[in-house]
Amino acid sequence: MGRRIAVLASGRGSNLGALLDACGDGRIDGRVVGLFSDKPASGAVERAREAGVHAWAMKPNGFATREAFDAAMFDAIAAVQPDLIVCAGYMRIIGQAAIARFPNRMLNIHPSLLPRHPGLHTHARALAAGDAEHGASVHVVIPELDAGPVLAQARVPVLAGDTPETLAARVLAREHPLLVATVAAWCGGELGCEGGIPRWHGAALAAPLQLDGEGRLRPAA
Ligand code: GAR
């Protein structure tokens, strides 16, 4: 039967596409039961509709307050009865009240090795900081931005001559297998989060899992 996954996205939707493909071919024991967006004209909404996935998309400026938009979107999310909510390039800050409706089961993929570079422009910031290594993280969403427990990471080298664009492309190529492996582990019951503590095969996870070259999650060395 599989887990019911709700995806939130604002952008082109390549991470959504990776999830749809992996649910389709059985790498993830689950299915995407809805796509929720603050950008009705986004590629993510188009991808969902092409795949026959229910898509809810509204512009926030039609709502009186940030909380009113969140409440409408999270009512729509609750209506699809998700087991898991995945923010896959959702670029709007989610308020505390909405997050509190789904504690410990909302994940976000962020394009940096958290806790380094929360927020925006992560690739340019990694270059400006002279980082030798960069990457992506999947973490549990809590009210503080990009600060929830990190479940898994994928690392890439920063190369001489990199621009924010070349570095972003190298990271994105690893984001897709990272998100698929993390969501697959979650849906398979190997990975979870209880009371804010990530668990891997039942034991508390002391450090983020690392994505290996074969797209598998491994405990940090
Ligand atoms: C991804 O790089 C994701 O990590 C990032 O947006 C991009 C979405 O790409 N997310 C954030 O920056 C969240 N703060 P996609 O629409 O092709 O999946």
Quick check on region 94-114: of everything there that is more than 18 Å from Cys193 (Cα to Cα) and part of a loop (DSSP other than H, G, I, E, B), which residue is nearest to the chain's Cα centre (by Cα)?
Pro111
Just to be sure I understand, how many residues within region 142-184 are acidic (Asp, Glu), surrounded by fewer than 21 Cβ atoms within 10 Å (Cβ to Cβ) and on the phi < 0 side of the Ramachandran plot?
3
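One line per residue, one yes/no per condition, for (1) more than 16 Å from the ligand (Cβ to nearest atom); (2) buried (at least 22 other Cβ atoms within 10 Å of the Cβ); (3) charged (D, E, K, R):
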site	(1), (2), (3)
Gly2	yes, no, no
Ser10	no, no, no
Leu19	no, yes, no
Val33	yes, no, no
Ala41	no, no, no
Gly52	yes, no, no
Met58	yes, no, no
Residue check, Asp131 against (1) in contact with a Lys or Arg (Cβ under 9 Å, 6 or more places away or on another chain); (2) closer than 20 Å to Asn15 by Cα; (3) crowded, with 16+ Cβ neighbours inside 10 Å, all met but one. Which one?
(2)
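Here is a yes/no grid of residues against (1) among the basic types (Lys, Arg); (2) closer than 26 Å to Pro103 by Cβ; (3) at pLDDT below 95:
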{"residue": "Met1", "(1), (2), (3)": "no, yes, yes"}
{"residue": "Gly17", "(1), (2), (3)": "no, no, no"}
{"residue": "Asp25", "(1), (2), (3)": "no, no, no"}
{"residue": "Asp29", "(1), (2), (3)": "no, yes, no"}
{"residue": "Ser42", "(1), (2), (3)": "no, no, no"}
{"residue": "Arg47", "(1), (2), (3)": "yes, no, no"}
{"residue": "Gly52", "(1), (2), (3)": "no, no, no"}
{"residue": "Lys59", "(1), (2), (3)": "yes, no, no"}
{"residue": "Ile77", "(1), (2), (3)": "no, yes, no"}
In this structure, does Asp75 turn out to be outside any strand (DSSP E or B), more than 15 Å from the ligand (Cβ to nearest atom), surrounded by fewer than 15 Cβ atoms within 10 Å (Cβ to Cβ) and without any contact (Cβ under 8 Å) to a residue 40 or more places away in the chain?
yes
Restricting to region 48-103, name every residue that is within 23 Å of Leu178 (Cβ to Cβ) and in contact with a Leu (Cβ under 6 Å, 6 or more places away or on another chain).
Ala48, Ala51, Val53, Val86, Cys87, Ala88, Tyr90
For a quick check of your reading of the model, give me the residue pairs whose first member lies in region 133-151 and is within 12 Å of Cys87 (Cα to Cα) and without any contact (Cβ under 8 Å) to a residue 60 or more places away in the chain, whose second is among the β-branched types (Val, Ile, Thr) and in a strand (DSSP E or B), with beta-carbon atoms closer than 6 Å and at least 6 apart or on different chains.
Val138/Ile109; His139/Val150
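The values are calculated or read from the model by the stated rules, or taken from the named source; none is laboratory data. Quantities reported herein were computed from a predicted structural model and do not represent experimental measurements. As a convention, Cβ positions derive from the backbone with ideal geometry for all residues, glycine included, and neighbour counts pool all protein chains shown.
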